[in-house]
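The values are calculated or read from the model by the stated rules, or taken from the named source; none is laboratory data. Predicted, not measured: the structure shown is a model, and the values here were computed from it. We place every Cβ from the backbone using ideal geometry, glycine too, and count neighbours over all the protein chains shown. Heavy atoms of the whole protein, side chains included, go into the accessibility calculation; ligands, DNA and RNA do not. Shrake-Rupley method; radii C 1.70, N 1.55, O 1.52, S 1.80 Å.
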Amino acid sequence: MAHFRIKTGDTVYVLTGKDRAMTGKVLRVIPEKEQVVVEGVNMVTKHRKPGNSYQQGEIAHMEGPIHISNVMLVDEKTKQPTKVGVKTLENGDRVRISKRSGEVIDTLTNKR
């Protein structure tokens, strides 16, 4: 399974597609399909038939997944898209860093 440097809760910038230049928060990462669901981006219409959970049919608007290569993490310091790197500190902790500003984004939970 692939390992991604974008996690749930990150703010990302959309690079390509119909929602190009939009930013949003990552709601879900789908590693099997290499996709992410971003809040307010790639809105799709879902037609639902009446059933047990829906007494009436409905037309729901929801976010659709987009490929992870089409988004880029937004640096909190500069507010611009940035590449993400992984660095090992002296104490053995692995951290995600912003390539643009060099700031530490957060600590990764697993150690290699």
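Tabulated values for the structure
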quantity: Selection within segment 42-62 - in contact with a Lys or Arg (Cβ under 9 Å, 6 or more places away or on another chain) and either at pLDDT 95 or above or buried (at least 17 other Cβ atoms within 10 Å of the Cβ) (or both); calculated: Asn42, His61, Met62
quantity: Members of segment 11-48 that are touching an Asp or Glu at 6+ places or on another chain (Cβ under 9 Å) and over 30 Å from Ser98 (Cβ atoms); calculated: Val44, Lys46, His47, Arg48
quantity: Unmet requirement for Ser101, which otherwise passes all of (1) in contact with an Asp or Glu (Cβ under 7 Å, 6 or more places away or on another chain); (2) at pLDDT 95 or above; calculated: (2)
quantity: Criterion violated by Arg96 - all others in (1) out of contact with any Leu (no Cβ under 8 Å at 6 or more places or on another chain); (2) surrounded by 10 or more Cβ atoms within 10 Å (Cβ to Cβ) satisfied; calculated: (1)
quantity: Selected residue (criterion: most open to solvent (accessible area, probe 1.4 Å)) from residues of segment 65-87 that are among the hydroxyl-bearing types (Ser, Thr, Tyr) and free of Cβ contacts under 8 Å to residues at least 24 places away in the same chain; calculated: Thr78
quantity: Criterion (over 18 Å from the mean Cα position of the chain (by Cα) and under 20 Å from Arg20 (Cα atoms)) met by exactly one of His47, His67, His61; calculated: His61
quantity: Search result, residues across segment 2-53 that are within 20 Å of Gly85 (Cβ to Cβ), assigned to a loop (DSSP other than H, G, I, E, B) and polar (S, T, N, Q); calculated: Thr8
quantity: Val37 in contact (Cβ under 8 Å) with a residue 60 or more places away in the chain and open to solvent by less than 40 Å² (accessible area, probe 1.4 Å); calculated: no
quantity: When residues of segment 70-84 are limited to those that are touching a Lys or Arg at 6+ places or on another chain (Cβ under 7 Å) and part of a strand (DSSP E or B), the one farthest from Leu15 (Cα to Cα); calculated: Val84
quantity: Val104 vs. criteria of a type outside the set (Gly, Ala, Ser) and either open to solvent by less than 80 Å² (accessible area, probe 1.4 Å) or touching a Phe, Trp or Tyr at 6+ places or on another chain (Cβ under 7 Å) (or both); calculated: no
quantity: Residue in segment 2-10 that is more than 22 Å from Gly102 (Cβ to Cβ) and surrounded by 11 or more Cβ atoms within 10 Å (Cβ to Cβ) present; calculated: yes
